[in-house]
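**Student:** Input: one structure, supplied below.
The values are calculated or read from the model by the stated rules, or taken from the named source; none is laboratory data. Quick caveat, the model's predicted, so the values are computed rather than measured. Cβ atoms come from the backbone with ideal geometry, glycine included; neighbour counts cover every protein chain shown.
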Amino acid sequence: AGIKAFGPAAAAAKLEADKAFAKQIMRSNAIPTAESRIFDQYEDAKAYIASRDEPVVIKAAGLAKGKGVFVCDEPSDGILAAEKIMCDNAFGDAGATILVEDKLLGEEASILALVDGRNIYVLETSQDHKPIGDGDTGPNTGGMGAYCPAPVVTEPLMKQIVKEVLVPTVDGMNRDGSPFRGVLYAGIMLTKGGPRVLEFNVRFGDPETQPILMRLKSDLLDVMLATCDGRLDEVTLKWDERPAVCVVMSSGGYPGDYENGKVITGLEKAKQLDDVVVFHAGTAEKDGQIVTAGGRVLGVTALGQTIADAKKRAYEAVDLISFEGAYCRRDIADKAISL
């Protein structure tokens, strides 16, 4: 009906929806990533994991809301993770196939780029915090906070990532007959041997996008329309020089079981702070009140003169908001502050 749609077609969206497909694209286009094996039979996966004496990462091949990745330092932990995914059906059909990967060591960074099928426009860098606990402890989540920019991604490093990851991915998808349009998100591990791809998403990452958008001065709609029209080569984005930090407030018990329907207070007070935006995620309106309706509830985001200042301001806003069982990490952006 002539309505423009921002985002990839279903075939190109497999880059995120099917980790096995993404690995094949990476292999066939010499894109640096962790060594991996793909299994669709639990007994085969179990035997392979048991034969290894190095740490492994077990991933459900399908979509699992950011919870389908298990970092396992011992083979026994890897076998338990494979059993949970493949035998206990923790993620349903998304876990019918798994990947067993080498564990990569280094700093993580999130690289988001707009792609119109041929042109690539890289956005400002961001860094996510996946584990639930301070100091990157506990199980993985969809993301507990982020900051922008990520100082660990230097200009030469970004050029390397564009050349070795983004360009061959876009070219590879074109050769595959699935041209990519939309947001291409590359989760990157910065290892001693160079950048390695952990995963692709085909959308704005959550919570990485919140601090990026806090810094974007240009109109996002104009950029999205240019992406749809193949006009990214005409785009120049304007950015606020100040860094931004996002802190996720989650329901008690997340990423495990949690209760919904808890009344949220303090939102109006937080909104009154300068350069603070409270992004809603797992919320709903009930009887005229805002209540919790998901694991990750709010993304409290602030600009500051420095990353330390942005962190301080974000937590000032967090501390004005409350709901029963509310939880957040208290160390978001500490990595950047210590650099």
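**Student:** Confirm whether I85 is free of Cβ contacts under 8 Å to residues at least 60 places away in the same chain, outside the structural domain of G193 (by the TED database) and touching a Phe, Trp or Tyr at 6+ places or on another chain (Cβ under 8 Å).
**Tutor:** yes
**Student:** Just a yes or no: is a residue in region 133-156 among the aliphatic types (A, V, I, L, M), buried (at least 20 other Cβ atoms within 10 Å of the Cβ), modelled with pLDDT of 95 or more and over 26 Å from A226 (Cβ atoms)?
**Tutor:** Yes; the residues of region 133-156 include at least one that is among the aliphatic types (A, V, I, L, M), buried (at least 20 other Cβ atoms within 10 Å of the Cβ), modelled with pLDDT of 95 or more and over 26 Å from A226 (Cβ atoms).
**Student:** Tell me which of these G253 doesn't satisfy, since it passes every other one: (1) of a type outside the set (S, T, Y); (2) on the phi < 0 side of the Ramachandran plot; (3) not in a strand (DSSP E or B).
**Tutor:** (2)
**Student:** How many of the residues in region 72-110 are surrounded by fewer than 19 Cβ atoms within 10 Å (Cβ to Cβ) and under 22 Å from the mean Cα position of the chain (by Cα)?
**Tutor:** The number of residues fulfilling the criteria is 9.
**Student:** Tell me yes or no: at least one residue of region 316-333 is outside the structural domain of L112 (by the TED database) and in a strand (DSSP E or B).
**Tutor:** Within region 316-333, one or more residues are outside the structural domain of L112 (by the TED database) and in a strand (DSSP E or B).
**Student:** Out of all the residues in region 12-44, which are farther than 21 Å from N89 by Cα and small (G, A, S)?
**Tutor:** A12, A13, A22, S28, A30, A34, S36
**Student:** Specify the residue that is surrounded by the fewest Cβ atoms within 10 Å (Cβ to Cβ); the eligible residues are those in region 202-230 that are among the aliphatic types (A, V, I, L, M) and in contact (Cβ under 8 Å) with a residue 24 or more places away in the chain.
**Tutor:** For region 202-230, the residue satisfying everything is L225.
**Student:** All but one of (1) crowded, with 21+ Cβ neighbours inside 10 Å; (2) hydrophobic (A, V, I, L, M, F, W, C); (3) within 12 Å of the chain's Cα centre (by Cα) hold for L198; which doesn't?
**Tutor:** (1)
**Student:** In region 1-47, which residue that is among the polar types (S, T, N, Q) and within 20 Å of M86 (Cα to Cα) is surrounded by the fewest Cβ atoms within 10 Å (Cβ to Cβ)?
**Tutor:** Q41
**Student:** So, in region 31-52, how many residues would count as being out of contact with any helix residue (DSSP H, G or I) (no Cβ under 7 Å at 6 or more places or on another chain) and assigned to a loop (DSSP other than H, G, I, E, B)?
**Tutor:** Result for region 31-52: 5.
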